[in-house]
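Beneath this line is the structure, given in structure tokens, with notes to follow.
The values are calculated or read from the model by the stated rules, or taken from the named source; none is laboratory data. None of these values were measured; they are calculated from a predicted model. We place every Cβ from the backbone using ideal geometry, glycine too, and count neighbours over all the protein chains shown.
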Amino acid sequence: GALVLLHACAHNPTGVDPTQEQWRAIAALMKEKGLVPLMDSAYQGYASGDLVTDAWAMRFFESEGFEMFLCQSFAKNLGLYGERIGMLHVITSSPQEASAVLSQLKLVIRPMYSSPPIHGAHLVMKVLGDEERLNRWKVQLKEMADRILEVRAGLRKGLEDKGTPGTWNHVTDQIGMFSYTGLSEKQCVSLMNDYHIYLLKSGRISLAGLNKNNLAYMVESVDAVARA
């Protein structure tokens, strides 16, 4: 009954999500070994631009009869990062088990924070509980997801047009806000120290900070460190 942590969509940090066929294989293996899914859904809507599409893996595991945990956050997709707004869903096989799990969660919660902040939760409910606001949010999510796709396409094209050493198809093969650039630690340190482009030494970078005004600078900088 060990827990296995799975990202529901827009995997952070790799930007690589399993296909539906791969999700089915993962579920079959976990069922065979009696493993419990712990789904992390922090970027719903940022993978495909559609909330339902990005919920596919979560709904599939539930339909397969898994008892599972689902951590859901609205910090990123509703722009409430400062609120750290999230929730834990627990799917059990019976009301009795649900009651037992709830009692244990209360024992954990009480000494940690007892009562969660309420402001962010109210904002989420104002969006989810109003059809007009919900539809506007869905449109805005699609716009944000599409913008990231455009940034990825522009970055790849810029690097390939310059003949930057290496292959850059992975930039558009990945999805979501984050990308593994494939740059070495030395190259990443150079980007930070010499060009003030900040990323992890592993090569992982957030693409959300890129736009049409700074994309060319990003291309020039990556090209420079790749040739150094």
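Assess whether ALA27 counts as being buried (at least 18 other Cβ atoms within 10 Å of the Cβ), touching a helix residue (DSSP H, G or I) at 6+ places or on another chain (Cβ under 8 Å) and farther than 29 Å from LEU200 by Cα.
yes
Take the residues of region 30-64 that are small (Gly, Ala, Ser), in contact with a helix residue (DSSP H, G or I) (Cβ under 7 Å, 6 or more places away or on another chain) and not in a helix (DSSP H, G or I): which is nearest to GLU143 (Cα to Cα)?
Here the residue is GLY49.
Let's see how each residue does on (1) small (Gly, Ala, Ser); (2) at pLDDT 95 or above; (3) within 17 Å of GLY176 (Cα to Cα):
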position: GLY34; (1), (2), (3): yes, yes, no
position: PRO37; (1), (2), (3): no, yes, no
position: ASP50; (1), (2), (3): no, yes, yes
position: GLU62; (1), (2), (3): no, yes, no
position: GLY65; (1), (2), (3): yes, yes, no
position: LEU70; (1), (2), (3): no, yes, no
position: LYS76; (1), (2), (3): no, no, yes
position: GLY86; (1), (2), (3): yes, no, no
position: THR92; (1), (2), (3): no, yes, no
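With respect to MET125, is the statement that it is of a type outside the set (Lys, Arg), in contact with a Phe, Trp or Tyr (Cβ under 6 Å, 6 or more places away or on another chain), free of Cβ contacts under 8 Å to residues at least 40 places away in the same chain and in a helix (DSSP H, G or I) true?
On the way: of a type outside the set (Lys, Arg): yes; in contact with a Phe, Trp or Tyr (Cβ under 6 Å, 6 or more places away or on another chain): no; free of Cβ contacts under 8 Å to residues at least 40 places away in the same chain: yes; in a helix (DSSP H, G or I): yes.
Judged against the criteria, MET125 is not a match.
I'd like to know if region 29-49 contains one or more residues that are closer than 24 Å to ASN169 by Cβ and more than 10 Å from the chain's Cα centre (by Cα).
Taking every residue of region 29-49 in turn, at least one turns out to be closer than 24 Å to ASN169 by Cβ and more than 10 Å from the chain's Cα centre (by Cα).
Mind checking which residues of region 96-119 are part of a helix (DSSP H, G or I) and in contact with a helix residue (DSSP H, G or I) (Cβ under 8 Å, 6 or more places away or on another chain)?
Once the filter is applied, which keeps residues that are part of a helix (DSSP H, G or I) and in contact with a helix residue (DSSP H, G or I) (Cβ under 8 Å, 6 or more places away or on another chain), region 96-119 yields only HIS119.
What do you reckon, is GLY86 free of Cβ contacts under 8 Å to residues at least 12 places away in the same chain and under 22 Å from PRO116 (Cα atoms)?
Numbers: free of Cβ contacts under 8 Å to residues at least 12 places away in the same chain: no; under 22 Å from PRO116 (Cα atoms): yes.
No.
For region 5-28, enumerate the residues that are within 15 Å of the chain's Cα centre (by Cα) and outside any loop (DSSP other than H, G, I, E, B).
LEU5, LEU6, HIS7 - these are the residues of region 5-28 that are within 15 Å of the chain's Cα centre (by Cα) and outside any loop (DSSP other than H, G, I, E, B).
Residues in region 193-205: is at least one under 17 Å from GLU160 (Cα atoms) and not acidic (Asp, Glu)? If you could, list the steps in order and put the result at the bottom.
Within region 193-205, the first condition is being under 17 Å from GLU160 (Cα atoms), and the residues that meet it are none.
No; the residues of region 193-205 include none that is under 17 Å from GLU160 (Cα atoms) and not acidic (Asp, Glu).
May I ask you to list pairs of residues, at least six apart or on different chains, whose Cβ atoms are under 7 Å apart, with the first in region 1-29 being under 14 Å from GLU64 (Cα atoms) and the second being of a type outside the set (Lys, Arg) and surrounded by 11 or more Cβ atoms within 10 Å (Cβ to Cβ)?
The qualifying pairs are GLN20/TRP56; TRP23/ALA57; TRP23/PHE60; ILE26/PRO18; ALA27/PHE60; ALA27/PHE61; ALA27/GLU64.
Scan GLN44, GLN96 and give me the residue that is more than 30 Å from GLY182 (Cα to Cα) and not hydroxyl-bearing (Ser, Thr, Tyr).
GLN96
What's the total number of residues in region 4-24 that are over 24 Å from ASN77 (Cβ atoms) and loosely packed, with under 14 Cβ neighbours inside 10 Å?
The qualifying residues number 1.
Give region 65-82 a look and list any residue that's of a type outside the set (Phe, Trp, Tyr) and outside any loop (DSSP other than H, G, I, E, B), or say none.
Correct list: MET68, LEU70, CYS71, GLN72, SER73, GLY82.
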